[in-house]
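Heads up, the thing below is written out as structure tokens.
Every number here is computed from the coordinates shown, using simple stated rules; none is lab data. Remember, predicted model here, so these are calculated numbers, not experimental data. Backbone-built Cβ (ideal geometry, glycine too); neighbour counts: all protein chains shown.
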Amino acid sequence: MHQKEKKKDLLKNRKIKTTKIDKRLFFNNLFKIGYSKNMSKKNYLNCLTKAFQRRFRQELIDGKIDRECVLISQNLSKQS
């Protein structure tokens, strides 16, 4: 699959709501690729999500975990 086709498939998943299991998978993937587990700050998970989006999905940085974020994080965790 070409890069443009992959991007197109990912975009189809933007703003699709996720389940609690998807969100847990997303954060586990982030921790696996090296994001900090420092949960002491208020709103930490929202900040962590925005940091991820700034790095891997600059087109939409809203702090909300959608299906696209989950898929990107899965692909990254498989590479590490």
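With an 8 Å cut-off on Cα pairs and a minimum separation of 6 or more residues, tell me the relative contact order of the chain in percent. Mind showing how you got there, number by number?
Working: 66 pairs, mean separation 37.0, N = 80.
Computed value for the chain: 46 percent relative contact order.
What nm distance separates the two modelled labels at D9 and D62, each placed 7 Å from Cα along Cα→Cβ?
Each label point lies 7 Å from its Cα, and together they span 2.4 nm.
Mind checking the log10 I(q)/I(0) for the chain at q = 0.17 Å⁻¹? Debye, one equal scatterer per Cα, no solvent, two decimals.
Debye intensities relative to I(0), on a log10 scale: -0.64.
Can you flag which of K23/K50; K20/K64; K23/K64; K8/K32; K32/K78; K17/K64 are past 18 Å Cα-Cα?
Numbers: K23/K50 14 Å; K20/K64 13 Å; K23/K64 10 Å; K8/K32 26 Å; K32/K78 9 Å; K17/K64 9 Å.
Among K23/K50; K20/K64; K23/K64; K8/K32; K32/K78; K17/K64, the Cα-Cα distance tops 18 Å for K8/K32.
R24 to K42: extension gain in nm, 0.36 nm per residue of separation minus the Cα-Cα distance? Please report the intermediate quantities before stating the final value.
Details: separation 18, 0.36 × 18 = 6.48 nm, distance 1.80 nm.
Residue separation times 0.36 nm, minus the Cα-Cα distance, leaves 4.7 nm.
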